[in-house]
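Working notes, structure below.
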Amino acid sequence: MRWPEARPGRYTPVIMQILLSNDDGIFAPGLAGLHAALRDLGETTVIAPETARSAAGHAITIHKPLVVQHVPIRSNAEFAGISVDGNPADCVRLAIRSLLAHMPDLVCTGINAGANVGVNVFYSGTVAGAAEAAMLGIPAVAFSADTSARVVDYEQVGVLCRWVLDRLLTAELRPGDLVNVNIPPLEDRRPLGVRVVPQSTVELEDRYHHRLDETGRSTYRLGPDFGFAEGDHEADVDALAAGYITVTPLRVDMTNYPRMETLESLPWHLPSA
């Protein structure tokens with residue numbers, strides 16, 4: 001399906017410097033879809049992992065050098081990018097510290113093949129890449145698509161990502177802002193709307209499969225199927241499942257400020273020598 005009405009009212013900026021990255025690898029169709037949707041928004045640079053680094057979280061590479069290569073990316077509209085044999089956080093940090101001539105005005109990651117809602121946010125390389133930019137004082141948005149549908153039209157998902165981004169930019173994203181956006185399965189229906197919701201913290205229900213390898217050692221492999229326990233119906237997990245686009249503002253500062261007062265009141269007197 002096509003929803004041309006999703007395009008009117010685009011944000012018209014001064015020329016922006018935009019960095020795009022992901023965790024599915026530089027040749028992923030979701031990245032091409034995001035590039036197609038954002039390329040007229042400013043000067044867009046693509047710097048992404050050489051191969052898929054899904055669930056890499058916020059890991060960075062410290063024990064080996066990162067190999068950087070310029071590569072052509074063939075999609076509906078061919079473009080060039082830079083591949084890095086590292087994780088999403090590596091890509092964004094290296095880009096900002098060494099590869100880009102200017103500090104980007106905006107960093108966008110995705111479009112991830114699979115939703116990043118609930119506690120999955122902690123494992124997501126897509127969110128981590130955006131968070132790396134936020135840590136460096138740059139506004140960043142992570143985009144993901146629920147892939148439970150049979151086929152994902154990343155071009156159309158990209159149109160919706162751009163529509164959401166236009167509204168975020170109109171609200172004037174601030175330095176260090178971090179926003180997580182998820183698009184529901186489209187197939188034959190429109191999203192029901194947009195919900196600005198908190199991140200769910202309900203338990204992730206998954207399973208490790210045990211087997212013995214050829215030498216008799218026990219091995220455990222995390223299965224591909226997972227779900228979420230019953231929880232907060234006003235949060236991102238349930239809103240996305242209901243068919244809404246979810247928008248969740250996150251923050252790098254993980255301090256539990258209400259808990260600080262209790263901990264500060266403890267007797268913190270060092271023991272005598």
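Read-outs: derived from the displayed coordinates by stated rules, not from any lab. Since the model is a prediction, treat every value here as computed from it, not as a measurement. No Cβ is skipped: glycine too gets one built from the backbone with ideal geometry, and neighbour counts run over all protein chains shown.
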**Study point:** J(HN,Hα) series, the range 178-193, from Karplus relation 6.51 cos²θ - 1.76 cosθ + 1.60, nearest Hz, glycine and proline x
**Key:** 9, 10, 10, 10, 10, 9, x, x, 9, 6, 9, 9, 7, x, 6, x
Check your understanding: Using alpha carbons only, how many degrees (0 to 90, rounded to 10) separate the axis of helix 29-38 from the longest principal axis of the chain?
Key -> 60
Study note, to complete from the structure: If S144, S83 are placed from fewest to most neighbouring beta carbons inside 10 Å, the sequence is S83, S144
Revision key, fill the gap. Counting Lys and Arg as +1 and Asp and Glu as -1 over every other residue whose Cβ sits under 15 Å from the Cβ of S75, the net charge comes to -2
Review point. Label points 7 Å out from Cα along the Cβ direction at V151 and E234: separation in nm?
Key: 4.0
Exercise for review: Please compute the net charge surrounding N87, taking Lys and Arg as +1 and Asp and Glu as -1 over other residues with Cβ under 14 Å from its Cβ.
Suggested key: -3
Review point. Can you give the FRET efficiency for V67 and E261, using 1/(1 + (r/R0)^6), R0 = 45 Å, r = Cβ-Cβ distance, to the nearest 0.05?
Key: 0.40
Revision key, fill the gap. Rounded to the nearest 10 degrees, the helix 154-170 long axis (Cα) sits at an angle to the longest Cα principal axis of the chain of 80
Exercise for review: Using the number of other C-beta atoms within 10 angstrom as an exposure proxy, rank E155, E187, E50 with the fewest first.
Suggested key: E187, E155, E50
Point to revise | Virtual spin-label span in nm between L192 and M16, 7 Å along Cα→Cβ | key: 2.9
Exercise for review: Net charge near T255: determine it from the other residues with C-beta under 13 Å of the C-beta of T255, scoring Lys and Arg +1 and Asp and Glu -1.
Suggested key: -1
Review point. Quick one: Karplus J couplings for the range 103-113, per residue in order, coefficients 6.51, -1.76, 1.60, θ = phi - 60°, nearest Hz, x for Gly and Pro?
Key: 4, x, 7, 7, 10, 10, 10, x, 6, 5, 7
